[in-house]
Amino acid sequence: MLVKLFALILFTIVLMLANLCLGDIMVQPIEALQTIFTTPAAPPGQLHDVIFGIRLPRLLTAAVVGLALATSGYLLQALSRNDLADPYLTGVSSGAALGVAFAMLFKFDFQSIPIFAFAGGITASFFVAFLAKGQAHYGLSVAKLLLAGIALSSVASAVITMAMTVFGTQLMAQGLNLWLLGGISGRSWPELIPTSLYVAVGLFTALATAKQLSLLSLGEEAASSLGLNVGRSQVIILSAAVLLASSAVALSGMVGFVGLVAPHISRRLFGRAVRLQLVTSGLTGACLVLFSDLLARTLNASQELPLGTLMALIGGPFFIYLLSHSLERVNQ
């Protein structure tokens, strides 16, 4: 297990270094590392500007977004005891996007955007959970969860379009449409650092609830009989999941399926131990987004591809595969 964990950490570092070195301007790994870890004797040159001004904040943004979405997905799956739960599929990301759209429309500064995203995401999550509630003590209905999430996503998308059409400018609408496709191009330190603080709070809360997650995996009745305040624990876990997903949406727009794919890969490799899963799911999500963003920048030299589109190409077939197997188990 330790060997696998070490390999995952090493793979994450390699992907970060590849994102640092590859692009329109090729940088040797040694040069990149020297630029980061040494103080320049002369005024900074072009290489310093490329690494510190463009590539380093971008790769850290990709890692933070992947970490946040994957951890959020794991929390939602553990909370609902439903391996198909995901911030994108359950409408949490769409609710967060709606909050971000209104923050942009009314020209709030970037530091306040995660707050609007959280408000939209938490409202969406409670709405979907209410609609998807199955029989008592049996978690959420898979069919209701997916249908409610799809419906909410459609409504949120329609509201965003109408709001931008009626109240926004054409330039603002074009910018928002590009942002909704998902991407981290142009992200800088002033955008990354404040949002990373929200992600840190969400991650700390998630790790602090590991014991509660383990008890909830036994079922609500069993957890309650063991002394767990089920209602309070569910609210705390859901809030952490929404805070993580909303922060990611504020940074990158709509990037789907990371929270679905990463926990499944992690469970296959590392089992179901909660605390270990919180770490490995997050690292796996970071790897997915780092790899996808690297492809987005390098596949087409003339134009960058949307990050959300690439993740949909990876996650869409994976979701169909999981859904078909889930329906087979239901019908048996």
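Any read-out appearing in this document is the output of simple, stated calculations on the displayed coordinates, not a laboratory observation. Values in this document were obtained by computation on a predicted structure and should not be read as measured data. We place every Cβ from the backbone using ideal geometry, glycine too, and count neighbours over all the protein chains shown.
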So what's the net charge close to Arg297: Lys and Arg +1, Asp and Glu -1, counting the other residues with Cβ under 14 Å from its Cβ? 0
The chain, helix-only ellipticity at 222 nm - DSSP H runs n ≥ 4, -39,500 (n - 2.57), divided by all residues, nearest 500: -25000 deg cm²/dmol
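What are the equivalent ellipsoid semi-axes of segment 47-326, built from the alpha-carbon gyration tensor (square roots of five times its eigenvalues), in whole angstrom, biggest first?
In descending order, the three semi-axes are 30, 21, 18 Å.
Please arrange Ile236, Ile9 by how many other C-beta atoms lie within 10 Å of their C-beta, fewest to most. Write out the running numbers ahead of the final one.
On the way: Ile236 16, Ile9 13.
Neighbour counts put them in this order, fewest first: Ile9, Ile236.
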Taking the 0 to 90 degree range and rounding to the nearest ten, how far is the long axis of helix 142-167 tilted relative to the main principal axis of the chain, both from C-alpha atoms? 50 degrees
Computed over the chain: longest principal axis from alpha-carbon atoms vs helix 189-208 long axis, angle to nearest 10 degrees, is 30 degrees
Ranked on Cβ counts within 10 Å of their own Cβ, fewest leading, Glu31, Glu191 go Glu31, Glu191
Listed highest first by mean packing, meaning other Cβ atoms within 10 Å per residue, what order do 272-282, 205-215, 246-256, 298-308 come in? 246-256, 272-282, 205-215, 298-308
List the residues of segment 5-41 whose backbone N lies under 13 Å from a point placed 7 Å from the Cα of Leu47 along the Cα-to-Cβ direction. 21, 26-41
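Which FRET efficiency value, to the nearest 0.05, is calculated for Gln174 and Val235 with the Förster distance at 35 angstrom and r the Cβ-Cβ distance?
Approximately 0.35, to the nearest 0.05.
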Between the Cα axis of helix 92-105 and the main Cα principal axis of the chain, the angle (0 to 90°, nearest 10) is 50 degrees
Where the centre of each part is set by its Cα atoms, how far does segment 63-132 sit from segment 228-259, in angstrom? 6 Å
